[in-house]
Amino acid sequence: MKFDVPFIRPVFPHPEEVSRDLQDIIEANWFTNFGPKEREFVRGIEAYLGDGLHAVTFSNATLALMAAIKVLLPAGVNERFVLVPSFTFAAGPAAIEWADYRPLFIDVESETLQPSLASARAALATYGRRISGILLCNTFGIGNPSIGEWELLAQENDLPLIIDSAAGFGSLYASGAKVGQAGLCEIFSFHATKPFAIGEGGAVVCHDAEVAIRLKAFTNFGFTAGQGATSLGLNAKLQEINAAIGLRQLTNFDEALEQRRKTLRRMREAISGDTYRFPDGLEQSSVCFASTLLPDRETRDLVLGRLREHSIEARSYYSPAVHTQPHFADAARADSLVNTSVALGKVLSIPIHQSMAEASFQAIVNVLNYEV
Ligand SMILES: *Cc1c(COP(=O)(O)O)cnc(C)c1O
């Protein structure tokens, strides 16, 4: 079904610019394998995020998640559980399994929809040393308001903290620090559906140069120069053409972010009443879309249906919860995950585009205000 207002509409560089980049790539005869565009893109990501971070690019964020888990978690003899929220995209729990660990699902906070510290503590009390690490998810790319407490919890329990910030390139934590600065590393996706879109692509950013070297080797068959494979790797390299698109996107990314944030602010001002509650930190995020919590399932289904009737593509993220998806149905759970189930009955995800047509904006507001 085609909607007048699609859920996602990325703004890509002009075809003439991409065509010039392609010409460069053909002239250089360098299409992938850390060519000049990829190396410049790495420097661009590091400069954008600042403060001594190292970036490693990937062909997508799912492989980046796998690499981070494989490189940073101890290859111990325990049951290798990794704490992960069920309220996330399935790529994280899948990456845990591909890296030879097992997901142990935790709940979310009912208001922020961010992973629940209480649920993690319950899991730690029950599973103890059987847990190998934590894969936190910055829900919807929003910086976790309790990130400091998560870092402390990880430290106290001597567990690596990896953060899936897939949609959060450009987001800020409550402290004002850029998302990318926390944990042992953070993972970004540059998929076409994310605010920073290059087609397929992703990155891991971390503070430790030696970790970055190991992550980069992972993307390149585990090779070390002159020795062949010195660790288990695979092919997860970013192509030159996608890196070139990334470089173009970086040049006006702050403006693009401001456009998204402004549209969100205007929408919140235009919505009347208190039917729609927005999670903390959304306004300082990259605003991939705007997820709101409605009072109950009935109202949510009604509004979702009416948006669709008006050819506006809204969703309910992250639905269905990962622990209810058939492949993960038997995976371990910290508790009943009740907040996750309740939230999924109330959440409504509204499109926010970088350049949203005024008519689309008004059409959404009118439905949300029951004016049509
Ligand atoms: C999009 C997304 C991913 C997957 O990213 P890809 O680049 O498509 O592999 C993983 N986790 C979360 C939370 C996401 O939103």
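For every residue, the table says whether it meets (1) small (G, A, S); (2) surrounded by fewer than 21 Cβ atoms within 10 Å (Cβ to Cβ).
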| position | (1), (2) |
| --- | --- |
| H207 | no, yes |
| A217 | yes, no |
| G222 | yes, yes |
| L232 | no, yes |
| Q249 | no, no |
When restricted to L234, L238, L337, the only residue modelled with pLDDT of 95 or more and more than 16 Å from the ligand (Cβ to nearest atom) is L337
Would you check if L264 is aliphatic (A, V, I, L, M), within 23 Å of A177 (Cα to Cα), open to solvent by 20 Å² or more (accessible area, probe 1.4 Å) and touching a residue at least 12 places away in the same chain (Cβ under 8 Å)? no
For region 271-316, how many residues meet the condition of being part of a loop (DSSP other than H, G, I, E, B) and either open to solvent by less than 30 Å² (accessible area, probe 1.4 Å) or in contact with a Phe, Trp or Tyr (Cβ under 7 Å, 6 or more places away or on another chain) (or both)? 14
So, in region 183-196, of the ones that are in a loop (DSSP other than H, G, I, E, B) and buried (at least 23 other Cβ atoms within 10 Å of the Cβ), which residue ends up farthest from the ligand (Cβ to nearest atom)? G183
Looking at region 329-340, which of its residues are open to solvent by 10 Å² or more (accessible area, probe 1.4 Å) and in contact with a Ser or Thr (Cβ under 8 Å, 6 or more places away or on another chain)? R333, A334, D335, N339
Taking strands (runs of 3 or more DSSP E) that do not extend beyond region 37-132, which have at least 1 residues that are buried (at least 22 other Cβ atoms within 10 Å of the Cβ), within 16 Å of the ligand (Cβ to nearest atom) and within 17 Å of the chain's Cα centre (by Cα)? 54-58, 81-85
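The values are calculated or read from the model by the stated rules, or taken from the named source; none is laboratory data. Keep in mind it's a predicted model, so treat the numbers as computed, not measured. When we count neighbours, we look across all protein chains shown, and the Cβ atoms used for this are built from the backbone with ideal geometry, even at glycine. Please note that ligands, DNA and RNA were not included when accessible areas were found on the heavy atoms of the full protein model with its side chains. Shrake-Rupley method; radii C 1.70, N 1.55, O 1.52, S 1.80 Å.
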